[in-house]
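Heads up: the structure comes next, in structure tokens.
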Amino acid sequence: MKINEFKLERYFAIYEFTAKYLLSPSDCESLTLEELVKRADDDSLGLWNNLKLGYTESMGHPILRKEITKLYHNIKEENVMSFVPEEGIFVTMHAMLEEGDHVIVVDPIYQSLAEISKSLGCSITNWRIEEKDHEWKLDIDFLEKNIQDNTKMIIINFPHNPTGYLPTREEFDRIVEIAKKHDVFLFSDEMYWLLEHNEKDRLPSVADIYEKGISLFGLSKTFSLPGLRLGWIITQDDVLMKELAVLKDYTTICGSAPSEILGIMALRQKEAIVKTNIERVRENRTAAKEFFNRHKDLFTWIEPKAGSIAFLKLNDKLKVEEFCDRVVKEKNIMILPGEVFDYEGNYFRIGLGREDFKVILSELEEYIVEHF
Ligand SMILES: Cc1ncc(COP(=O)(O)O)c(C=O)c1O
């Protein structure tokens, strides 16, 4: 298999564990094992203490899958299969797509959501999220106009990485309607679900409301547990579920036993974990807005509506790649340039979910005041 390198992941591979300050991670502050176990209910503590480190069920632990169904309305245990989140993308695309298929994908996008279909020989139409008057916008009419006879799948990601864009409920319903009308699969990466800055903006999960919808969610962002490597694909399409099972036997076969039990614990603590994260994201968003507006000559603040990230513009003659390179080399602050998303326009991503966010902003301020 030939595939282009994953630019974002290669950038993180250089700096994630070497730079002193990370301004751009997309996950929320990770929980410690102690924090998670301390708040666990008796039942999941029992599962943890008596855990045998054997192989697990390929679809995922039955109790885990039951807990997952509680997040949705129409999803049953047989509609859920556990995956490492990134593996869920890889396996689903391989199960569903082949040379000659056409795919419409939101752009910019977490690269694997477009790259895997490209590597399989699909033709791709990029459906671009654009900045208009300091807001991110997506033209829904574009989708309708670009469906072709061989369009197999539409790929969306809301709340969106990297912009924090979220369509309105009306826009979202139109997307689902268009997919239904043309009988096209709708793959929805929902990794930042439940992190809407206003709860009333929350959208339903695609797999819950459309029989050809496929949703990805997991514990890496919203639940502060990326190290568990635990996520899931849900779909009401039984044939697809069988195809996913066939391919999973060639990737991980089954999930990690400790992660599954810790995942059960986390899902049972959903309210508390999400509340802490959303409060932190809102607080960091306010600090970011003040900071970037204070340096208006250098940056354009574009307000995210959901998720733990924002995508901003550097208003300087300096290219954003060079800016990020200088900041990490001279001040030890890692900032992710928009170039890793192949998105032109001097944008960069920041992460709003971490505890040290404001400390990093003040370090960045020192640097900016001195150099710009
Ligand atoms: C939109 C999106 N989908 C999927 C993933 C993959 O999640 P994980 O790294 O937990 O496998 C990420 C990670 O950054 C993401 O941002």
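The values are calculated or read from the model by the stated rules, or taken from the named source; none is laboratory data. Just so we're clear, the structure is a prediction, and the values are computed from it rather than from any experiment. Counting neighbours? That spans all protein chains shown, and the Cβs are built from the backbone with ideal geometry, glycine included.
Some observations on this one:
A quick yes/no check of all residues on (1) within 21 Å of LEU22 (Cβ to Cβ); (2) of a type in the set (Gly, Ala, Ser):
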position	(1), (2)
ILE261	no, no
ILE264	no, no
LEU267	no, no
PHE292	yes, no
SER308	yes, yes
ILE335	yes, no
GLY351	yes, yes
SER362	yes, yes
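- Scanning region 267-282 turns up no residue that is more than 30 Å from LEU364 (Cα to Cα), buried (at least 24 other Cβ atoms within 10 Å of the Cβ), touching a residue at least 40 places away in the same chain (Cβ under 8 Å) and within 16 Å of the ligand (Cβ to nearest atom).
- Residues in region 121-152 that are touching a helix residue (DSSP H, G or I) at 6+ places or on another chain (Cβ under 6 Å) and exposed (fewer than 15 other Cβ atoms within 10 Å of the Cβ): GLU144 alone.
- Any hit, region 81-88, residues being in a helix (DSSP H, G or I), closer than 17 Å to ALA257 by Cβ and at pLDDT 95 or above: yes
- Residue list for region 46-105, restricted to those being under 15 Å from GLN236 (Cα atoms), crowded, with 18+ Cβ neighbours inside 10 Å and of a type in the set (D, E, K, R): ARG65
Residues checked against (1) farther than 18 Å from ALA207 by Cα; (2) buried (at least 23 other Cβ atoms within 10 Å of the Cβ); (3) away from the ligand (no atom under 15 Å from the Cβ); (4) in contact (Cβ under 8 Å) with a residue 40 or more places away in the chain:
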position	(1), (2), (3), (4)
ILE116	yes, no, no, yes
ILE154	no, yes, yes, yes
THR163	yes, yes, no, yes
GLU171	no, no, yes, no
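- Residue within region 149-157 that is modelled with pLDDT of 95 or more, touching a His at 6+ places or on another chain (Cβ under 9 Å) and basic (Lys, Arg) present: yes
- A single member of ILE63, ILE109 is of a type in the set (A, V, I, L, M) and either within 16 Å of the ligand (Cβ to nearest atom) or within 18 Å of the chain's Cα centre (by Cα) (or both), and it is ILE109.
- Where a residue in region 232-244 is more than 15 Å from HIS94 (Cβ to Cβ) and without any contact (Cβ under 8 Å) to a residue 60 or more places away in the chain and its partner, wherever it lies, is of a type in the set (Gly, Ala, Ser) and assigned to a helix (DSSP H, G or I), with Cβ under 9 Å and at least six apart: ASP237/ALA207
- When region 186-218 is filtered for residues that are over 16 Å from the mean Cα position of the chain (by Cα) and of a type in the set (Lys, Arg), the ones remaining, listed by number, are LYS200, LYS212.
- Applying the set (1) in contact with a Gly (Cβ under 9 Å, 6 or more places away or on another chain); (2) touching a residue at least 60 places away in the same chain (Cβ under 8 Å) to GLU344 leaves exactly one unmet item: (2).
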